[in-house]
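Written below as structure tokens is the structure these notes are about.
The values are calculated or read from the model by the stated rules, or taken from the named source; none is laboratory data. Fair warning: this is a prediction, and the values are worked out from it, not measured in the lab. Cβ placement follows ideal geometry from the backbone for every residue including glycine, while neighbour counts extend to all protein chains displayed. Just so you know, the surface numbers come from the protein's heavy atoms only, side chains and all, with ligands and any DNA or RNA stripped out. Shrake-Rupley method; radii C 1.70, N 1.55, O 1.52, S 1.80 Å.
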Amino acid sequence: MTLTIILIASLLCFSAFFSGSETALTATSRARMRSLEQKGSAAATSVIKLTEDKERLIGAILLGNNLVNILASALATSLFASLFPGGAGVAIATAVMTILVLVFAEVLPKTAAIAGPESFAMVVSRPMSVLVRIFAPVTAVVQFIVRNTLKAFGLDVSNQPVLSAHEELKGAIDLHHEEGSMEKEARDIIRGALELDDIEVEEIMIHRKNIEMLDIDTDNREIIEAVLQSKHTRIPLYKDEPDNIIGVLHAKDLLRALWANENAPDRIDMQALAMEPYFVPETTTLQEQLDAFKANQQHFALIVDEYGALQGLVTLEDILEEIVGEIEDEYDAPVVGVRKQPDGSVTVDGTVTIRDLNRMMDWRLPDEEAVTIAGLVIHEGRCIPDVGQVFSFFGYRFEVLKKRRNQVTSLKIVPVEA
């Protein structure tokens, strides 16, 4: 009887080992393990190798756990049946083993593993690696049976889709922010860098109606005066019509030309002085455009649609602002368009982009179908709304305050209480 009790206790210890290992190895951070591996930790290397094939790892853990639990239960049943004949022993063995397995082989080790998954995982990684290799033939057979059984029911798990690395990082960042361990500013910067591949230049461009441009046929003195009054250093030049951009005039080049020509505006050839315009399609992603700016040593690009018509422009600063937020210099006007009201509502200009509003207010309005907040209301409302119309979607109430012709120019947004 003493030997049986020792065997049961030993098997419960093995069960606790398997349960804790399962929790630790599935909860541990591979990024943290990779960092420790680079610092020379052999245990971290072992953890990484183990978690590369999680299906085989979980199969080995479940096989070992079930094996020791069933064996411990069988021994306990035999022990209590001999002590309490007449059928009572089976019931007592069931009750005792349920309590022992639940407390000491499941809850206790898993709680310990959750408290420190990385350190726990590194402790169990080497013995678990040996057990995984020992159980490999059996787990391979189990995997084969499971996959083919599921395939018979129309479920193929061999090529199941998984989250991309970017999506995993975004989820982790949002989780840390919600838990209070990451500031909003840090979260926005990291998310902004990760989302460059998901945003097209048309979503952040300065619209063509807001571009400062000059007619090349204008008198040189008037062009110089306009450049001096502008807060921008690069001004597009057009000929005959605004769509026909023939160059981009840089204020620094104009200053050099004035100096070289002894401040005589009429002696300057504006067309020769202007840089060649750089056109990009509106479907270019911010990451592609950032790479192109670096490769071409450009800071300024004109956006055209599929027909070659001018849609707007984007600068290197615009892309960087998607990562770090607004970069204001001494010539920038303060950010306008979003005004918080005392009653908790927000008054927003229709031209404010959804991304800027989300970033400023820490909201999650979708920006897949529209760029501006007015565009979102028109898209979701399936109409051009009138002043006073109210819409409710995505957990917010939108009221149209102002409208100019078919353009919604001002809205009142109120978060709807859940």
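For the chain, with only Lys/Arg (+1) and Asp/Glu (-1) charged at the beta-carbon, what is the dipole magnitude about the Cα centre, in debye rounded to 20?
Working: 38 positive and 61 negative charges, 577 e Å.
Around 2780 debye, computed over the chain.
Return the calculated 222 nm mean residue ellipticity for the chain, to the nearest 500 deg cm²/dmol, obtained by summing -39500 (n - 2.57) across DSSP H runs with n ≥ 4 and dividing by the residue count. Working shown, then result.
Numbers: 16 runs with 219 residues, N = 418.
About -17000 deg cm²/dmol.
Taking Lys and Arg as +1 and Asp and Glu as -1, the other residues whose beta-carbon sits under 10 Å from that of Gly247 total 0.
Between Gly89, Gly350, Gly381, the GNM of the chain built on Cα springs shorter than 10 angstrom shows Gly89 fluctuating the most. In loop segments of the range 368-411 as defined by DSSP, the trypsin sites (Lys or Arg not before Pro) with at most 13 further C-beta atoms inside 10 Å of their C-beta are Arg382, Arg405. For the range 342-412, the dipole from Cβ point charges (+1 on Lys and Arg, -1 on Asp and Glu) about the Cα centre works out to 240 debye, to the nearest 20. Rounded to the nearest 10 degrees, the angle from helix 286-296 to the longest Cα principal axis of the chain is 60 degrees.
With Cα atoms defining each centre, the range 206-249 and the range 24-72 are spaced 63 Å apart in the structure. Entry comment: accessible area of the chain is 58 Å² per residue, from protein heavy atoms only and a probe of 1.4 Å.
Comparing mean-square fluctuations of Gln38, Gln143, Gln389 from a GNM of the chain with C-alpha springs under 10 Å, the top value falls on Gln38. Rg ratio for the range 257-311: its Cα radius of gyration over 2.2 N^0.38 Å, N being its residue count, equals 1.57. Applying the criteria of a DSSP loop state and at most 12 other Cβ atoms within 10 Å to the chymotrypsin sites (Phe, Trp or Tyr not before Pro) of the range 258-324 yields Tyr307. If you build a Gaussian network model of the chain, linking Cα atoms that sit under 10 Å apart, which residue out of Asp343, Asp253, Asp243 swings the most? Its mean-square fluctuation being the largest, the pick is Asp343.
Please report the carbon-and-sulfur percent of the accessible area for the chain; probe 1.4 Å, protein heavy atoms only, DNA, RNA and ligands left out.
Numbers: 13840 of 24290 Å².
Result for the chain: 57 percent of the exposed heavy-atom area is carbon or sulfur.
With +1 on each Lys and Arg Cβ and -1 on each Asp and Glu Cβ, how big is the dipole of the range 1-74 about its Cα centre, in debye rounded to the nearest 20? Walk me through the numbers on the way to the answer.
Working: 7 positive and 5 negative charges, 57 e Å.
In debye, rounded to 20, the range 1-74 gives about 280.
For the range 1-66, relative contact order (Cα pairs under 8 Å, six or more residues apart, normalised by length) works out to 39 percent.
What is the local net charge at Ser19, summed over the other residues whose Cβ is closer than 9 Å to its Cβ (Lys, Arg +1; Asp, Glu -1)?
Working: positive: Lys110; negative: Glu22, Glu106.
Spelling it out: positives minus negatives among the neighbours equals -1.
The antiparallel fraction among DSSP beta bridges confined to the chain stands at about 90%. Relative to the longest principal axis of the chain, what angle (0 to 90°, nearest 10) does the C-alpha long axis of helix 54-83 take? Roughly 30 degrees between the two axes.
Computed over neighbours whose Cβ is under 9 Å from that of Asp217, the net charge equals -2, Lys and Arg +1, Asp and Glu -1.
In the chain, a dipole from Cβ-located charges (positive for Lys and Arg, negative for Asp and Glu) runs towards its positive end, and of His299, His379, Ala88 it is Ala88 whose Cα lies farthest in that direction.
Express in whole angstrom the spacing between the alpha-carbon centres of the range 89-107 and the range 380-400. So the two Cα centres are separated by 60 Å.
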